[in-house]
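The values are calculated or read from the model by the stated rules, or taken from the named source; none is laboratory data. Just so it is clear, the model here is predicted, and its values are computed rather than measured. Glycine also receives a Cβ, built like all others from the backbone with ideal geometry; neighbour counts cover every protein chain displayed.
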Amino acid sequence: MEYILHITIICLIYILFASSLNLELGYAGLYNFGHVGFFAIGAYSSALITVGGYPIWFGLVASMVVAAFVGLLFAWPVLRLTGDYFGVASLAFAEMIRLVLLNERWLTRGPMGIPGIPRIELMGLAGNSVTLLIVFLLTLFSLLCIRVILLSPFGRTLKLIREDEHVARAFGKNVVSFKTRTIAVGSAFGGLAGALWAHYIGYISPNDFSLQLTVLVVLCVVLGGRGTLAGPVIGSIIVVTVGEGLRFLPLPATMTAGVAHVQSMLFGLVLVVLMLRRPQGIIAETDLIQET
């Protein structure tokens, strides 16, 4: 039972993380491969604040504020780039964040990480059941907020910008402003996902936010379907459950340490095949438009 609770909590965190990336990748057409950097910023912000004695709710709010602020700083120079250059710059940003966390030992404890991060509590109660309830409510609230944003004129403008920036400019839309605000909002929810991860695991280190996590969250979005609300939900559930299932492969004792590498290779292969065979994912946005 505890293992099922664990898998469910991880799925919910990944759903929030992937949905925040989908806001940028699926709706604004921003290939932000550095989104894991904001996940790390949220995790470390909340961890440092709560380890310092402040309430967890304050740490969660702070994780969103700090991640959104860094997102604004990130967007200002990087949005001057387009296409592949933006993707490369965002990937470099994520690696830069990881190196900062690794080397600024006075703040982050470097490779030793931050242990003893407080667990989420509700009226003095703790445990995986309480964590599941809180994570579920926060994830649901975040998805509802994202849905409201996407159904608003702001969300419709994002789709227009994704399809053709020149047309958006012709209609008088400030493309850079819309993209900047999208990155800030996506970063805030990504930071919240990172904070929930930190409080659930109880320990974080710079190595937790590597390129492998970037591949996983991109796979969640692409597999489920970019530009759809349900796509990241389905993609996250599949990626997490398949990844956990690989742990039970009947491998020899000498190969158990290589399970993580097998996961990375498998997910990387699936991502390549998807981009070649079905780039729209399991749930295609065009299919939803045709149904309506």
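Of everything in region 109-140 that's of a type in the set (S, T, N, Q) and modelled with pLDDT of 90 or more, which residue is farthest from the chain's Cα centre (by Cα)?
Step one: list which residues in region 109-140 are of a type in the set (S, T, N, Q), which gives 128-129, 131, 139.
Narrowing the set further to residues that are modelled with pLDDT of 90 or more leaves 131, 139.
Numbers: Thr131: 19, Thr139: 12 Å.
Per the criteria, the residue is Thr131.
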**Asked** Residues in region 93-125 that are touching a Pro at 6+ places or on another chain (Cβ under 6 Å) and basic (Lys, Arg): how many?
**Response** 1
**Candidates Leu192, Leu219, Leu213, filtered to the one that is part of a helix (DSSP H, G or I) and within 20 Å of Met112 (Cβ to Cβ)** = Leu213
**Fill in**
Of the candidates Leu133, Leu158, the one satisfying the condition of being closer than 30 Å to Met1 by Cβ, of a type in the set (A, V, I, L, M) and assigned to a helix (DSSP H, G or I) is Leu133
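Being of a type in the set (Lys, Arg) and farther than 30 Å from Tyr44 by Cα is the filter here; which residues of region 164-188 pass it? If you could, list the steps in order and put the result at the bottom.
Our first condition is that a residue be of a type in the set (Lys, Arg); within region 164-188, this holds for 169, 173, 179, 181.
Result: Arg169, Lys173.
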**Cβ-Cβ under 7 Å pairs, at least 6 apart or on other chains, region 228-244 side of a type in the set (Ser, Thr, Tyr), far side outside any helix (DSSP H, G or I)** = Thr228/Ile283
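Quickly run through region 161-177 and pick out the residues that are of a type outside the set (D, E, K, R) and buried (at least 16 other Cβ atoms within 10 Å of the Cβ).
Ile161, Ala168, Val175
Scan the helices (runs of 4 or more DSSP H) fully inside region 1-96 and keep the ones with 2 or more residues being at pLDDT below 90 and either of a type in the set (Phe, Trp, Tyr) or more than 11 Å from the chain's Cα centre (by Cα) (or both). Steps first, please.
On the way: elements: 2-22, 35-51, 56-78.
Once the helices (runs of 4 or more DSSP H) in region 1-96 are filtered for at least 2 residues that are at pLDDT below 90 and either of a type in the set (Phe, Trp, Tyr) or more than 11 Å from the chain's Cα centre (by Cα) (or both), what remains is 2-22, 56-78.
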**Request:** Output the qualifying pairs, or none if there are none: Cβ atoms under 8 angstrom, residues six or more apart or on different chains, first residue in region 80-91 and farther than 12 Å from Phe33 by Cα, second residue in a helix (DSSP H, G or I) and among the hydrophobic types (A, V, I, L, M, F, W, C).
**Result:** Leu81/Ala89
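Given Glu285, Glu291, which one is surrounded by 12 or more Cβ atoms within 10 Å (Cβ to Cβ) and modelled with pLDDT under 85? Don't jump to the end; show me each part of the working.
Numbers: Glu291 fails: surrounded by 12 or more Cβ atoms within 10 Å (Cβ to Cβ).
Going through Glu285, Glu291 in turn, just one is surrounded by 12 or more Cβ atoms within 10 Å (Cβ to Cβ) and modelled with pLDDT under 85: Glu285.
Looking only at region 97-121, filter to residues that are among the hydrophobic types (A, V, I, L, M, F, W, C) and surrounded by 13 or more Cβ atoms within 10 Å (Cβ to Cβ); which one of those is nearest to Phe33 (Cα to Cα)? Steps first, answer last, please.
Looking only at region 97-121, we keep the residues that are among the hydrophobic types (A, V, I, L, M, F, W, C), and these are 97, 99-102, 106-107, 112, 114, 117, 120.
From what is left, the residues that are surrounded by 13 or more Cβ atoms within 10 Å (Cβ to Cβ) are 97, 100-102, 114, 117, 120.
Numbers: Ile97: 13, Val100: 18, Leu101: 18, Leu102: 20, Ile114: 25, Ile117: 27, Ile120: 29 Å.
If we take residues in region 97-121 being among the hydrophobic types (A, V, I, L, M, F, W, C) and surrounded by 13 or more Cβ atoms within 10 Å (Cβ to Cβ), then Ile97 is nearest to Phe33 (Cα to Cα).
Could you go through region 54-61 and let me know if any residue there is more than 16 Å from Ala198 (Cα to Cα), loosely packed, with under 15 Cβ neighbours inside 10 Å and hydroxyl-bearing (Ser, Thr, Tyr).
Filtering region 54-61 for residues more than 16 Å from Ala198 (Cα to Cα) gives none.
No: region 54-61 contains no residue that is more than 16 Å from Ala198 (Cα to Cα), loosely packed, with under 15 Cβ neighbours inside 10 Å and hydroxyl-bearing (Ser, Thr, Tyr).
Within region 222-240, how many residues are part of a helix (DSSP H, G or I) and closer than 16 Å to Val272 by Cα? Quick ask: steps written out before the conclusion?
Applying the first criterion (part of a helix (DSSP H, G or I)) to region 222-240 yields 222-224, 231-240.
After this cut, where a residue has to be closer than 16 Å to Val272 by Cα as well, the list is 222-224, 235, 239.
So the answer is 5.
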**Request:** Could you run through region 110-158 and say how many residues are among the polar types (S, T, N, Q), under 22 Å from Leu25 (Cβ atoms) and in contact (Cβ under 8 Å) with a residue 12 or more places away in the chain?
**Result:** 3
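For the condition within 17 Å of the chain's Cα centre (by Cα) and either at pLDDT 90 or above or not basic (Lys, Arg) (or both), what is the one hit in Gly227, Gly258?
Working: Gly258 fails: within 17 Å of the chain's Cα centre (by Cα).
After applying the criteria, what remains is Gly227.
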